[in-house]
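Written out below as structure tokens is the structure these notes cover.
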There are 2 protein chains.
Amino acid sequence: MTTAARASDLTIGMVMFPDMTHLDLAGPYDVFSRMPKTQVHLLAATLAPVRAEGGWTTIPQVAFDDAPACDVICVPGGIGVNAMMEDAPVLRLLDRQARTARSMTSVCTGALVLGAAGLLRGYRATTHWLSLDLLPLFGAHVVEERVVVDRDRITGAGVTAGIDFGLVVASQLLGADVARAIQLAIEYDPAPPFRGGSPASAAPALVERLTLMRAQAQAERRAIAERAARQIDGLAPDS
Amino acid sequence: MTTAARASDLTIGMVMFPDMTHLDLAGPYDVFSRMPKTQVHLLAATLAPVRAEGGWTTIPQVAFDDAPACDVICVPGGIGVNAMMEDAPVLRLLDRQARTARSMTSVCTGALVLGAAGLLRGYRATTHWLSLDLLPLFGAHVVEERVVVDRDRITGAGVTAGIDFGLVVASQLLGADVARAIQLAIEYDPAPPFRGGSPASAAPALVERLTLMRAQAQAERRAIAERAARQIDGLAPDS
């Protein structure tokens, strides 16, 4: 993108941070980057490479402090959200962007970062199934759906929900016809090899096993979320 | 990954090149990187950053010439496959890896690169719906399914099929229980906002519109594929 953005263009800022889940952002990215007249910026605290969980390392495009006012901000999840819930630069970015953005959005546990920025108070929202119980700490009302749209907040469930989420956002911004064309272009006609991609449909023993495996990590996350929530107690609710 | 790989570990090499479709690789990456005892390497011609379609720029991990013999090689698609069908370094990598790999695989139009390397002769295979007609140039038998497994070749359909593909590969390598656990961990319970993610289910007018929009690009791609296919005429068929 070497040409300057026209005032009529849409601008989407995708937030990156260490130990994010790569696919949380990569799913909607390949939707957003196909939207006509839309500029997508990969934002990070600095322009230093960002290493996601698993090791995929990306060169960001715009530093937080240099980011233009975006129509949509999208925050991914991952192990790294634990640090981001108390990270001054990312919380400052979200606070600033929320004043002018049409939608503040998240995929997976990115919702916890929106929450820590005080942006989910009184909103219906979702997140990865393992962290749903943390959303009320930030004043959000949990909705167990794949994509939750509540006024100027759009939240997606875990990881792969980012594709469904991206198409919903595209449809809201540019209409269903554009979103349908992108869906066909990226051949999104999913055929999961197994049932059980959500706790509602998976074998209870598997849900229990993953829950137990993650119990300690989730307890640590809860402690951070509680601390982060106390930091925003002085903020006025969004609604 | 700072620890040395044990001999019993699985190794997966994911091929990167300029103007690949980012999500083609990012989808299966977040499956593969959750597989136990599995090392995932992002391979590229050199360690210079690789810019995908749309601009997402990644720092590769291993240069083609330094890549270990991998159990699985995965090739993504995108505009960049046009160049890759005649790219000596990538074809040499695929030729070398195919001698020892358990599976040579692709997502989207990555199948055309496998084909240009002479690796799809006599195999059933799939690719992005807009390029299905090019597969027979390489001696492949077109199968219009989301994921096609034929002996030591596994091919996925367009872009988002990479997630279904990744779970199929995980299941083959480590069993269904591991794949089911990963599917639940990445909450893969898709809920596309629209019908019509494949040409079979989309409105015929939309299929025609995308086909026409891409007609010139596909004609150019066909010319390259025909030229690439002639280069492998001297190779013995795989089966």
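The values are calculated or read from the model by the stated rules, or taken from the named source; none is laboratory data. Quick caveat: nothing in here was measured; it's all calculated off a predicted structure. For neighbour counting, all protein chains shown are included, and Cβ atoms are generated from backbone atoms with ideal geometry for every residue, glycine included. Calculation scope for accessible area: heavy atoms of the full protein, side chains included, ligands and nucleic acids excluded. Shrake-Rupley method; radii C 1.70, N 1.55, O 1.52, S 1.80 Å.
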Q: Evaluate the following for B:D164: is it more than 11 Å from every other protein chain (Cβ to nearest Cβ) and not basic (K, R)?
A: no
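Determine, yes or no, whether B:R153 is within 24 Å of B:I73 (Cα to Cα) and either of a type outside the set (S, T, N, Q) or open to solvent by less than 10 Å² (accessible area, probe 1.4 Å) (or both).
Numbers: within 24 Å of B:I73 (Cα to Cα): yes; either of a type outside the set (S, T, N, Q) or open to solvent by less than 10 Å² (accessible area, probe 1.4 Å) (or both): yes.
So B:R153 fits the description; yes.
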Q.
Can you list residue pairs whose Cβ atoms sit under 6 Å apart, with the first residue in segment B:67-85 being under 18 Å from B:A229 (Cα atoms) and the second being open to solvent by 10 Å² or more (accessible area, probe 1.4 Å) and among the β-branched types (V, I, T)? Count only pairs 6 or more apart in sequence or on different chains.
A. B:N82/B:I224; B:M85/B:I224
Q: For A:L23, indicate whether it is open to solvent by less than 20 Å² (accessible area, probe 1.4 Å) and of a type in the set (A, V, I, L, M).
A: yes
Q) Got at least one residue in segment A:81-104 being β-branched (V, I, T), in contact with a Pro (Cβ under 6 Å, 6 or more places away or on another chain) and farther than 15 Å from A:G162 by Cβ? A) no
**Q.** Hits in segment B:61-88 - residues which are part of a helix (DSSP H, G or I) and more than 17 Å from B:H41 (Cα to Cα)
**A.** B:V81, B:N82, B:A83, B:M84, B:A88
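In segment B:184-219, how many residues are closer than 22 Å to A:P76 by Cβ and touching a residue at least 60 places away in the same chain (Cβ under 8 Å)? Working first, answer last.
Narrowing segment B:184-219 to residues closer than 22 Å to A:P76 by Cβ: B:184-193.
From what is left, the residues that are touching a residue at least 60 places away in the same chain (Cβ under 8 Å) are B:185-186.
Result for segment B:184-219: 2.
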(Q) Looking at segment A:112-131 only, could you name the residues that are away from chain B (no Cβ under 14 Å) and part of a helix (DSSP H, G or I)? (A) A:L112, A:V113, A:L114, A:G115, A:A116
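Looking at segment B:190-202, which of its residues are over 14 Å from B:W129 (Cα atoms) and in contact with a helix residue (DSSP H, G or I) (Cβ under 8 Å, 6 or more places away or on another chain)? Can you show your working first?
At the first step, the residues of segment B:190-202 found to be over 14 Å from B:W129 (Cα atoms) are B:190-195.
Listed by number, the residues that qualify are B:P190, B:A191, B:P192, B:P193, B:F194.
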Q: For segment A:132-148, name all the residues that are in contact with a Ser or Thr (Cβ under 7 Å, 6 or more places away or on another chain) and part of a loop (DSSP other than H, G, I, E, B).
A: A:V143, A:E144, A:E145
Q: Test each condition in (1) open to solvent by 10 Å² or more (accessible area, probe 1.4 Å); (2) part of a loop (DSSP other than H, G, I, E, B); (3) at the interface with chain A (Cβ under 7 Å from one of its Cβ atoms) for B:A200 and report the one that comes out false.
A: (3)
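When only residues in segment B:203-223 that are of a type in the set (D, E, K, R) and open to solvent by 20 Å² or more (accessible area, probe 1.4 Å) count, which is nearest to the other protein chains (Cβ to nearest Cβ)? Even if it seems obvious, please write down each step before you answer.
Pass one, segment B:203-223, residues of a type in the set (D, E, K, R): B:208-209, B:214, B:220-222.
Now narrow it down to the ones that are open to solvent by 20 Å² or more (accessible area, probe 1.4 Å): B:208-209, B:214, B:220, B:222.
Values: B:E208: 11, B:R209: 8, B:R214: 9, B:E220: 18, B:R222: 19 Å.
In this case the residue turns out to be B:R209.
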Q. Taking A:T100, is it among the hydroxyl-bearing types (S, T, Y), closer than 15 Å to A:G13 by Cβ, over 17 Å from the mean Cα position of the chain (by Cα) and open to solvent by 10 Å² or more (accessible area, probe 1.4 Å)?
A. yes
Q: Given the conditions (1) open to solvent by 10 Å² or more (accessible area, probe 1.4 Å); (2) within 20 Å of B:G166 (Cα to Cα); (3) away from chain A (no Cβ under 14 Å), report the number of the one that B:D66 does not fulfil.
A: (2)
Q.
Six or more apart or on different chains, Cβ atoms under 9 Å: show the pairs whose first residue is in segment A:152-176 and within 17 Å of A:K37 (Cβ to Cβ) and whose second is among the acidic types (D, E) and in a loop (DSSP other than H, G, I, E, B).
A. A:L173/A:D71
Q: Filter segment B:34-50 down to residues that are free of Cβ contacts under 8 Å to residues at least 40 places away in the same chain, open to solvent by 40 Å² or more (accessible area, probe 1.4 Å) and facing chain A (nearest Cβ under 9 Å), then give me how many there are.
A: 1
